[in-house]
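These notes are about the structure you will find just below.
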Amino acid sequence: MSKAIYIATGEPESGKSIVSLGLMRMILGRTKKVAYFRPIIEEESSVKRDNHIDTMLTHFDLGMKYEECYAMTSDELIHKKTEGKDGEIIDKIIEKYKYLEDRFDFILVEGTDFSGEGVFVEMDINVLIAKNLGIPVVIVSNGKEKSDEEIETNVLLAFDEFKDKEVKVLAVVANKVESGLIDIVQTSLKRELPDDVFVYTIPFVNKLEKPTVQEIVKELGAKVLIGKRHLNNQTGSFAVGAMQLRNFLKRIEENSLVITPGDRADIILSSIQANNSENYPKISGIVLTGGLKPEKGILKLIKGLSNVVPIISVNSGTFETANKIGSIRSHIYANNRHRIYDSLSTFDKYVHIEDFSDDLVAYQPEGMTPRMFQYNLVARAKKSRKHIVLPEGTDSRVIRTAARIIALNVAEITLLGDENEIRKVAASDGIQLNFEKVNIVQPCKSELFEDYVKTFYELRKHKNINMDIARDTMADVSYFGTMMVYKGDADGMVSGAAHTTQHTIRPALQFIKTKPGVSVVSSVFFMCLEDRISVFGDCAINPNPTAEQLAEIAISSARSSKAFGIEPKVAMLSYSSGSSGKGEDVERVRRATEIVKKSHPEIKIEGPIQYDAAVDMGVGKQKLPDSEVAGQASVLIFPDLNTGNNTYKAVQRETGAIAIGPMLQGLNKPVNDLSRGCTVDDVFNTVVITAIQAQDNSQN
């Protein structure tokens, strides 16, 4: 089977970037090293690079140089064809492709973009390239404003072009199809195409077609007056402000882009006020036309307001500007992550990639790379969406994570906090959170509050808790969020971005408690190293565990490792390997190892063992030649918190490894802690593993 796939289209503006993004993410979840290659790109300059390449390299961190990702520009192609040097075109493409083939396990090849009069020539070129590279094709068709017959005709024409040249077509994707035609198009294409060709239809998604304010600035050469932080705002319909104010306000819709002459201070100020009003939809930005700008006093007033949308200025007239904006073709840019998440979510919803993933990627790597691990985590979380509560709902990192989780359809999210404050933070930081799909709860005002107070009182009255104390306690977001999990109103909780570990965990220990047979709550980090995933425990909870506690931590960590698809080979770390060392600390590790061997003989475990002997095959075989763990340990148990915490941070900082966690283990229901210095990626990853823990809980 081929080590590559070619994404081609038979017409302009097919939206094949959605398919490229979705396939790339799937391939990275199955394959260690993946390359992205565009044989032909549009003409570039010192300030303009190919957007497709930049998006792929940046979002997926492919580890490639920009120049490696293409063979030639469209101008070079035309020049060579004019001179009759068609052979040189193919030779150069094959040369660049083979260079990548030698270095990577799989290559995603994206064909040319169609535009203007070159459509038919480009189709021939794409067929020729796929034929000469010897790789199968996924055809993407543009169904926008087309009947079902037109869509079918275009797809079949493209299919026949490749079939006639004996190029294997794996799948066809009819994109931008009107919702009412989805089933009709799907049925007709399946009827007309061979059984071994997979057929998918994706409806027209309005928000993926409308440009961002940034794209409008770029296309019109506009000047940004205010709001540079929010240029990725997604536009919706246009609201042209060339009428009286009372009539203009009626035309504002969600994400409207206001287009008005620059001297209409009434329209400008009213638009900003409408954006901040609960009685009007949000707007995406304001375009000032005619080269006119508000007076200094008006600009000063606007700059002092909060939640100001982008305001940009152009020289053209109002209606000319509206027409220009209406013709702007939207793209997916590397810095617009929300657009990328929306694209991936759309792909996942309508393209069932598991249908033909085995045909697409036959290469089976040994072990698991960080990219595979993270992809599989997200894919697993999506299979059975769980409800995760985030108590720190006004923290910008948490809000941004919620937006990402919802956009990717990974889990249901509840944010705790005042909705107005959450909206204010989201608007201030340019976070595009879908408030229709997120649950926002203010504990003291919740209809669940009194029931939670009574429940907490009954659970803790033996500790001299009265109703007043219970009411004060339940007003705390950590306690309220934990009670949501305890009562089954949420499946898991993630906190700690703004609270201490103790503040996050204490409520869970008080009434969620530990699983039967478990006496120690511990933690693990999934350390995503360059070529493998290692499980580190316990690096966050237990300062000086006893031998019995170390044994329990090892058992819990082995179970967690297995639950997340990593074969557990447990190394009980110490400063000595085997029987060579003496001392109380070494003996404690030795006793813990023996406890595990006796109580759980199915677990592969070695200890005491030094870190290098645990992970380096050469050192491991030298020090412990008969061990089935030495040199290949996947679970590393540290003797104390001091060693574990410092080691995981050292590995993370010095190697650039991604540390996912800490994930708490041993609780009846999943509650996980964050570092107060966490990033959005940290929060996202922790929410995902919490959702997976919740899935496992519901199955037990």
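Throughout, read-outs are computed from the coordinates displayed, never taken from laboratory work. Here the structure is a predicted model, which means the values were calculated and not measured. No Cβ is skipped: glycine too gets one built from the backbone with ideal geometry, and neighbour counts run over all protein chains shown.
Points to keep in mind about this one:
- Exceeding the 19 Å Cα-Cα cut-off - candidates K218/K303; K65/K96; K33/K98; K386/K445; K562/K604: K218/K303; K386/K445
- Cut-off 20 Å (backbone N to label point 7 Å along Cα→Cβ of L301), residues of segment 201-238: 225-227
- Stokes-Einstein diffusion coefficient of segment 504-564, Kirkwood radius over Cα pairs, 25 °C, 0.890 mPa s, in µm²/s: 193 µm²/s
- Taking the chain and dividing mean pair separation by its residue count, relative contact order in percent (alpha carbons under 8 Å, at least six apart): 11 percent
- When the charge dipole of segment 4-205 is built from unit charges on Cβ atoms (+1 for Lys and Arg, -1 for Asp and Glu) and taken about the Cα centre, the candidate among G87, A4, A171 whose Cα reaches farthest toward its positive end is A4.
- Pairwise inverse Cα distances across segment 562-632, averaged and inverted, put the Kirkwood hydrodynamic radius at 12.2 Å.
- Note on E628 and T58: the model spin-label points, each 7 Å out from Cα along the C-beta direction, lie 4.9 nm apart.
- Set K131/K190; K16/K85; K223/K293 screened for pairs whose C-alpha atoms are more than 19 Å apart: K131/K190; K16/K85
- Efficiency of FRET between K513 and E421 - r from beta-carbon atoms, R0 35 angstrom, step 0.05: 0.60
- Our summary gives segment 213-326 a relative contact order of 32 percent, counting only alpha carbon pairs under 8 angstrom and 6 or more residues apart.
- Over all projection directions, the Cα-based convex hull of segment 533-573 averages an area of 2.9 nm².
- Additional length obtainable on full extension of the chain from D91 to N439, 0.36 nm per residue less Cα span: 119.7 nm
- Looking at segment 514-666 alone, DSSP beta bridges between its own residues are antiparallel in about 50 percent of cases.
- Here segment 596-642 is treated as a sphere whose radius is the Kirkwood value from Cα pairs; by Stokes-Einstein at 20 °C and 1.002 mPa s it diffuses with a coefficient of 194 µm²/s.
- About the centre of its Cα atoms, segment 160-232 shows a dipole size close to 720 debye [charges on the beta carbon of Lys, Arg (+1) and Asp, Glu (-1) only; nearest 20 debye].
- Estimated Rh, segment 370-511: Kirkwood, alpha-carbon pairs, angstrom: 15.9 Å
- Magnitude of the charge dipole for the chain, about its Cα centre and with charges confined to Cβ atoms of Lys, Arg (+1) and Asp, Glu (-1), is about 2220 debye.
- Among M467, A403, F449 - extreme Cα towards positive end, dipole of segment 360-510, charges at beta-carbon: A403
- Separation in nanometres of the label points that stand 7 Å from Cα toward Cβ, at D429 and A334: 2.4 nm
- Summary of packing: across the peptides 332-339, 598-605, 412-419, the per-residue average of other C-beta atoms within 10 Å ranks them, highest first, as 412-419, 332-339, 598-605.
- For the chain, DSSP calls about 20 percent of its internal beta bridges antiparallel.
- Cα coordinate range in the chain, projected on the principal axes (Å, largest first): 80, 66, 48
- Selection from G262, T187, V213, by position along the positive dipole direction of segment 143-301 (Cβ): G262
- Cα Rg over Rh - segment 383-446, Kirkwood: 0.95
- Estimated [θ] at 222 nm from DSSP helical runs (n ≥ 4, -39500 (n - 2.57)) normalised by residues in the chain, nearest 500: -13500 deg cm²/dmol
- Its relative contact order, with pairs defined as Cα atoms under 8 Å and 6+ residues apart, puts segment 30-98 at 37 percent.
- √(5λ) per eigenvalue of the Cα gyration tensor, segment 4-205, largest first, Å: 27, 19, 17
- Diffusion of segment 514-666 by Stokes-Einstein, at 20 °C in a medium of 1.002 mPa s and with Rh set to the Kirkwood radius over alpha-carbon pairs, works out to 143 µm²/s.
- Taking the empirical scaling 2.2 N^0.38 Å for compact globular proteins as reference, segment 213-326 has a Cα radius of gyration ratio of 0.93.
- Subtracting the Cα-Cα distance of K349 and D164 from 0.36 nm times their residue separation leaves 63.4 nm of extension gain.
- Computed from label points 7 Å out along Cα-Cβ, the spacing between N206 and T82 is 4.5 nm.
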